[in-house]
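Student: Here it is, the structure in full.
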Amino acid sequence: MRNRIVNRLQVAFFSVFFIISVVLVMTPFIRSVPTVLHMEDHASNLVNISMWIVTMLSGVFSLVCRKPALKHEIYCRDHYFIDRLAERETLFAFLDTESEEAGSMFFVKGGMCRGKTVLLQRFADDVNQIKGKNDFQKRYKRVHEYSAYYIAIHQSCEDIIQEIGLQLYGDMTLNTCGKVSAFLKKASYRKKVVLLIDNISRAQNRIAIEAAHALLYKNPSLRACLTSPRARLDG
């Protein structure tokens, strides 16, 4: 999920363009005074034009080719998934609500093999606009402020925060709530993040809720959505 290499290449190219533009700007000043006084207007104009072109290209390149820390993956592989409209409506309404009473945590409840995973994966793709725009995104305008990241917890996992950090970053560097929250703030160019934590067992339910509360405390703009092994879907 990391774009570390792409980001480093982008910074390198931008640095090269910037150095070239600086050299072109400083060229007239490093010449001797008599040379500058007798420099032809045509040559001077070429230097100035070249400097501005290279500077503009470097700026455009940095804007177009920049990459966030995390790229949006395709989570839902079911290309024909069009069902669960009421549940999807509830999830989108959760992101669109700014009321403090609604809270920042949402539980998707249901027994095994009820489709919770596919529902969350499709919801993540819809928020990230992987599947293109749809009616939900047109009705709920605040959804465009979010990036969604889906995390499937292993049944044997005892440290939920460490597991989230491992799946987000690929190693054990993100091992505290503070580090995970700080990383999520920089993960995308969108203002907010919804973290979808799936595959939580009954034994992990309590520590998963505690981990989500800790992340929300560190990052108030974060929204957390957790699956719970129960029999129905509630908000």
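Student: Every residue in the range 169-186 that is free of Cβ contacts under 8 Å to residues at least 40 places away in the same chain and surrounded by 15 or more Cβ atoms within 10 Å (Cβ to Cβ), please.
Tutor: LEU174, ASN175, LYS179, VAL180, LEU184, LYS185
Student: Tell me, which residue of the range 200-229 that is charged (D, E, K, R) and within 17 Å of ILE153 (Cα to Cα) is modelled with the lowest pLDDT?
Tutor: ARG202
Student: Mind checking whether some residue in the range 187-199 is touching a helix residue (DSSP H, G or I) at 6+ places or on another chain (Cβ under 9 Å), surrounded by fewer than 22 Cβ atoms within 10 Å (Cβ to Cβ), in contact (Cβ under 8 Å) with a residue 24 or more places away in the chain and among the aromatic types (Phe, Trp, Tyr)?
Tutor: No.
The values are calculated or read from the model by the stated rules, or taken from the named source; none is laboratory data. A quick note: this is a predicted structure, and the numbers were derived from the prediction, not measured. For neighbour counting, all protein chains shown are included, and Cβ atoms are generated from backbone atoms with ideal geometry for every residue, glycine included.
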